[in-house]
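The values are calculated or read from the model by the stated rules, or taken from the named source; none is laboratory data. Predicted model, so just to flag it, every value in this text is computed and none were measured. Note that we place each Cβ from the backbone using ideal geometry, even for glycine, and neighbour counts take in every protein chain shown.
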Amino acid sequence: MTRSNTSPLLTHPLAFVGGGNMARSLIGGLLKRGADPSRIRVAEPAEPLRAALAADFGVQVFAEAAEAAYGADTWLFAVKPQVMRAVCEGLAPLAQSQRPLAVSIAAGITTTQMQRWLGGGLPVVRSMPNTPALLGAGVTGLHASSEVDAAGRQRAELLLSAAGPTVWIETEATMDAVTGVSGSGPAYVFLLAEAMEAAAKAEGLSDEAARTLVLQTMLGAARMLTESGETPAELRRRVTSPNGTTQAAIETFQAGGFEALVAQAVHAATVRGGELSAAND
């Protein structure tokens, strides 16, 4: 659905600090919804990336973050967590004079850290998108600091929803769990697909057959999960006939501690998210 051009995000300059893959996906999604490319500014130190952004999207590009951020009322930080502090501190004087809405997509960086590095008191939205956002099929968890008003929430949601659905997380302490579930989650699915493909080959299927069977099974199952309206448990029950092949496989998974292993993996990713925050403080 095309957004109205009266949206605050589409009528005021928007600055991306960092022009990598996630920034590209968000810019592409915004333009598909009717955003004016002349109002989008991107700071990217790598000249080839700047040239590609200008050529592909018609946006304004800059080598320095302050050049892109000047005059923009929303700043989206799309840089690595390890350099976030230096980038923010370099922009702090401008941030204090302009008072923009700051949106971060860096894993593990808290709103408190962002505010401190930008000089204090700014409205900050912490977000956690995932890699399917590159296809417009991602999901993003959002947490707003107390300084973010309703208009700021609307702007942040409109911006991040360019890559897929958004979910507001009211308690920031659980944002690391968002990272552990959805931020890192696509890799869990890829690992399962990798293991299933290897198992299929071990059972004698050709490489081509194994890959096609696994990928289409993943795609079909994902569509059933998102389109049927049923819970995962109910869908699993429906395809698990008593004493059948699926039951044999499910019982093998469970005997190996599948559910506990998944819980441990998600917890490990959640803990690591908190460690990234501490390491970059």
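Residues in the range 138-153 that are surrounded by fewer than 16 Cβ atoms within 10 Å (Cβ to Cβ) and either over 25 Å from residue 99 (Cβ atoms) or aliphatic (A, V, I, L, M) (or both): 150, 151.
State which residue is farthest from residue 107 (Cα to Cα) when the search covers only the range 153-190 and only residues that are in a loop (DSSP other than H, G, I, E, B) and among the small types (Gly, Ala, Ser). Top of the filtered list is 164. Set side by side, the residues 82, 96 differ, and just one is of a type in the set (S, T, N, Q), touching a residue at least 60 places away in the same chain (Cβ under 8 Å) and surrounded by fewer than 19 Cβ atoms within 10 Å (Cβ to Cβ), which is 82.
From the list 99, 126, the lone residue that is in the same structural domain as residue 23 (by TED's automatic domain parsing) and under 13 Å from the mean Cα position of the chain (by Cα) is 126.
Let's see how each residue does on (1) over 30 Å from residue 88 (Cα atoms); (2) in a helix (DSSP H, G or I); (3) modelled with pLDDT of 95 or more; (4) touching an Asp or Glu at 6+ places or on another chain (Cβ under 8 Å):
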position	(1), (2), (3), (4)
194	yes, yes, yes, no
199	yes, yes, yes, no
208	yes, yes, yes, no
213	yes, yes, yes, no
219	yes, yes, yes, no
236	yes, yes, yes, no
247	yes, yes, yes, no
271	no, yes, no, yes
275	no, yes, no, no
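The set of residues in the range 1-45 that are part of a loop (DSSP other than H, G, I, E, B) and at pLDDT 95 or above comprises 18, 19, 44, 45.
Return yes or no: is residue 160 surrounded by 23 or more Cβ atoms within 10 Å (Cβ to Cβ) and either touching a residue at least 12 places away in the same chain (Cβ under 8 Å) or aliphatic (A, V, I, L, M) (or both)? Yes, satisfied. Considering the conditions (1) assigned to a loop (DSSP other than H, G, I, E, B); (2) touching a residue at least 40 places away in the same chain (Cβ under 8 Å); (3) buried (at least 19 other Cβ atoms within 10 Å of the Cβ), residue 71 is excluded by exactly one of them, (3).
This table checks each residue for (1) outside the structural domain of residue 222 (by TED's automatic domain parsing); (2) touching a strand residue (DSSP E or B) at 6+ places or on another chain (Cβ under 9 Å).
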{"position": "141", "(1), (2)": "yes, yes"}
{"position": "145", "(1), (2)": "yes, yes"}
{"position": "150", "(1), (2)": "yes, no"}
{"position": "156", "(1), (2)": "yes, yes"}
{"position": "164", "(1), (2)": "yes, yes"}
{"position": "168", "(1), (2)": "yes, yes"}
{"position": "179", "(1), (2)": "yes, yes"}
{"position": "189", "(1), (2)": "no, no"}
